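Asker: Got a structure here, written out as structure tokens. Questions coming.
The values are calculated or read from the model by the stated rules, or taken from the named source; none is laboratory data. These figures come from a predicted structure and were not determined experimentally. Counting neighbours? That spans all protein chains shown, and the Cβs are built from the backbone with ideal geometry, glycine included. Heavy atoms of the whole protein, side chains included, go into the accessibility calculation; ligands, DNA and RNA do not. Shrake-Rupley method; radii C 1.70, N 1.55, O 1.52, S 1.80 Å.
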Amino acid sequence: MPGDPSNLLTGILAQFGEQSRPFVEIAILVVLAGAAVATALNPILEFIDRMRRFGRWLWRSIPSIVRKLFGGRPPTPLPPAEPNRVIPNETTIWELYAPQQPIFPNSNGIPIITVANNKGGVAKTTIAANLAVYFRDRFQKPVLLIDFDYQGSLSQTIRGEAGYTEPDITADILISAPSAAINPALYAREMRRELENVFIYPTTYPFATIENNLMADWLRSEGGDLMYRLCALLRQPAYQEKYCAVLIDCPPRLTTGSINALCASTHLLVPTTLDDMSAQAAEYFLSQISRMSQAETRPVFPKLKVIGIVPSIVYRDGDTLLGEIRTRERLVRYGSSFWRRDDFVLTGASIPRTADISNYAGAGVAYVRKPRARQIFEKLGKEVEKRL
Ligand SMILES: Nc1ncnc2c1ncn2[C@@H]1O[C@H](COP(=O)(O)OP(=O)(O)OP(=O)(O)O)[C@@H](O)[C@H]1O
Ligand SMILES: [Mg+2]
């Protein structure tokens, strides 16, 4: 019968000569016997493996079973809290190694405004970009932006508006060691279209590595001029005569770029959203600024004036309204008690949350696109101007 295994075997054996047939028969027998043994052994091996896993589980469970049956040892008590332990005072690395002789920005020079806060996402970049265009229009003169945030959000916003899409970086030149071959003033990139007369030192991610390397070198050299490199540059006529103002955008950290911005600036603007968490962060940041500008032994940026706090991305309606009013009052109280100023919060120039602004994040400048955004930043610009 076709398909019968005995016929198949006979057919295979018929392929071989008389002499080799016994060997083929033996080989077939060995293969069949091996398959039979493996099939029989499989359940046995599986059983052994299960027993082995069960044994391991039992061994690991013994301590907890014993504890359950006979009660375990009481847990080791925690060591008593050190009665005199206090939270250490914060001192930044910049304060520790600041050079003895700081360089100051020109006392009657152009306004150099750093927009900073160690809290992220509070509209620092948005405010820097839009205020810059306000200053250009107001003074009918070129304005300079410096992007010291390695994320390059300001560069993206400004360059996007001008129609440039390839990443670019020249901000590193402003904090690198001076070189006879490079004139940093020539590396301010001129924008176009709606942003004529806006210049920017753009940045992008590699800036973070450059900053870290500069800081590491600085620490090794024990107090070189690193913190004041931007300040020394912006004092020069190439900047003082060409621009009506300089605005610097910082990341939410005290990086090499940020410390250069603070040391080179005449003014500081601190945006914050109106919730308690952000208010606390703004107050902490401002207390750091105060300490670093007034330190008795070695003030880092003694000439820096704080313009104040700008409430940003505020809702102005719905359930958040009451909370925002409370937080604003908290900041006003902080301004009058800590800074002895009743105008410390720019309450009349807060930036409302609006799609007219958020729709252009990283792609354009709301001030030149939307009349409503223009009004908002004109109001802020006028308040800022009053305090310069
Ligand atoms: N007035 C506003 N209304 C609505 N959205 C806003 C407003 N201002 C800023 N935003 C949005 O909030 C986000 C954070 O803004 P922005 O990048 O300016 O903050 P930042 O403080 O610079 O952040 P980072 O700390 O990351 O640098 C962005 O998506 C931006 O579009
Ligand atoms: Mg930013």
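Asker: Round to the nearest 10 and give me the degree value, 0 to 90, for the angle of helix 276-294's Cα axis relative to the longest principal axis of the chain.
Answerer: Roughly 60 degrees between the two axes.
Asker: Please identify the GluC sites (Glu not before Pro) of segment 41-106 that satisfy two criteria: DSSP loop assignment and at most 11 other Cβ atoms within 10 Å. Which are they?
Answerer: The qualifying sites are GLU90.
Asker: Could I ask something else about it? Relative to the present Cα-Cα distance, how much length would full extension add between PHE139 and ILE93 at 0.36 nm per residue of separation?
Answerer: Computed gain between PHE139 and ILE93 is 12.7 nm.
Asker: Using helices alone, I'd like the mean residue ellipticity at 222 nm for the chain: each DSSP H run of four-plus residues gives -39500 (n - 2.57), total over residue count, nearest 500.
Answerer: Calculated at 222 nm, the ellipticity per residue is -15500 deg cm²/dmol.
Asker: Now a separate question. Order these peptides, 263-270, 360-367, 31-38, 293-300, by their mean beta-carbon neighbour count within 10 angstrom, highest first.
Answerer: 263-270, 360-367, 293-300, 31-38
Asker: Also: Rounded to a whole number, what % of the accessible area of the chain do carbon and sulfur atoms account for, probe 1.4 Å?
Answerer: Answer for the chain: carbon and sulfur cover 57 percent of the accessible area.
Asker: How much area per residue is accessible in segment 335-388 when the probe is 1.4 Å and only protein heavy atoms are counted (Å²)?
Answerer: Accessible surface, normalised per residue, equals 53 Å².
Asker: Answer rounded, prolate or oblate for the chain, using the Cα gyration tensor with square roots of eigenvalues a ≥ b ≥ c: rounded when a/c is under 1.5, else prolate when a/b is larger than b/c, else oblate.
Answerer: Judged from the Cα gyration tensor, the chain comes out prolate (a/c at least 1.5, a/b above b/c).
Asker: Would you mind calculating the gained length between VAL86 and GLU190 on full extension (0.36 nm times residue separation, minus the Cα-Cα distance), in nm to one decimal?
Answerer: 32.3 nm
Asker: Taking a ≥ b ≥ c as the square roots of the eigenvalues of the Cα gyration tensor of segment 5-58, is the shape rounded (a/c under 1.5), prolate (a/b larger than b/c) or oblate?
Answerer: Prolate, because a/c is 1.5 or more and a/b exceeds b/c.
Asker: Once each part is reduced to its C-alpha centroid, what is the distance from segment 198-255 to segment 272-311 in angstrom?
Answerer: For segment 198-255 versus segment 272-311, the Cα centre distance is 20 Å.
Asker: Please identify the trypsin sites (Lys or Arg not before Pro) of segment 146-213 that satisfy two criteria: DSSP loop assignment and at most 15 other Cβ atoms within 10 Å. Which are they?
Answerer: Sites meeting the loop and neighbour criteria: ARG192.
Asker: Related question: Can you give me the distance in nm between label points at SER336 and ASN213, each placed 7 Å from the Cα along the Cα-to-Cβ direction?
Answerer: My value for the distance between the label points is 5.2 nm.
Asker: Which trypsin sites (Lys or Arg not before Pro) in segment 60-107 sit in a loop by DSSP (not H, G, I, E or B) and have at most 15 other Cβ atoms within 10 Å of their own Cβ?
Answerer: Hits after loop and neighbour filter: ARG85.
Asker: Per residue, what accessible area does segment 5-58 have, given a 1.4 Å probe and all protein chains present, in Å²?
Answerer: The answer is 86 Å² per residue.
Asker: By how many nm would the segment from ILE12 to SER358 grow when fully extended, if each residue of separation counts as 0.36 nm and the alpha-carbon distance is taken off?
Answerer: 116.5 nm
Asker: Then there's this: Pairs of lysine in the chain with Cα under 20 Å and at least 8 positions apart or on different chains: total?
Answerer: Counting lysine pairs in the chain gives 15.
Asker: For segment 194-336, what class follows from the C-alpha gyration tensor (a ≥ b ≥ c being the square roots of its eigenvalues): rounded when a/c is under 1.5, otherwise prolate if a/b is larger than b/c, else oblate?
Answerer: prolate
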